[in-house]
């Protein structure tokens with residue numbers, strides 16, 4: 001590459017980077033103003049520019065993915081457009097989950113604790129909204145199951161929901177190592193999360209401890225009910 005061509009490429013990347021930031025900010029403003037459709041378009045444009053200037057696995061991409069997922073989630077909570085334009089609440093929730101899922105995969109590959117936390121929070125919010133949705137949510141794309149935590153929601157008798165985010169068993173949550181590449185060991189408490197090393201398990205504990213306790217509690221309840229039903233009646 002000639003010096004002139006290199007300078008042109010560098011300048012183009014800088015312009016795309018700045019345009020990505022500009023459209024991301026515009027998406028924020030439009031979402032806060034309640035114009036969710038225009039916000040979605042702005043975030044989509046921001047991603048086009050950012051992908052020209054940055055690697056896909058980058059915090060820059062994560063930021064816009066999280067903003068876009070938040071806008072889709074808020075749009076869904078406001079009811080979408082009632083389905084007249086292909087943006088029903090359930091479809092918006094499915095799209096928000098997909099964006100947050102993609103973000104989670106990037107965050108884990110970057111070993112970014114902050115971006116991983118944000119992605120998990122969005123997925124939890126989506127799961128709660130799905131549980132409250134009067135109509136079934138569009139099924140997840142099975143190809144995303146290697147990245148997204150499986151989320152179960154149980155309605156509590158007194159109101160509210162109990163949310164358990166169950167990480168997939170095919171990979172180490174912090175580093176993304178697959179079972180074929182590294183021997184994985186299960187969390188001894190909840191028996192749902194998998195790790196390739198003690199170091200990875202310790203690094204994930206701040207994020208995992210809440211769902212670990214919920215999962216362990218749910219497992220204990222199921223075991224107690226199973227034992228009670230199996231015991232002969234007096």
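Just so it is clear, none of the values below were taken in a lab; they were calculated from the coordinates. As the structure is a computational prediction, the values presented were derived from the model and not from experiment. Methodologically, a virtual Cβ is constructed for each residue, glycine included, from the backbone with ideal geometry; neighbour enumeration extends over all protein chains shown.
Applying the selection to the stretch 36-57, what residues are surrounded by fewer than 16 Cβ atoms within 10 Å (Cβ to Cβ) and not in a helix (DSSP H, G or I)?
Hits for the stretch 36-57 are 55, 56, 57.
Condition first: closer than 13 Å to residue 58 by Cβ and surrounded by 21 or more Cβ atoms within 10 Å (Cβ to Cβ). Now tell me which residues in the stretch 106-126 satisfy that.
Scanning the stretch 106-126 gives 106, 107, 115.
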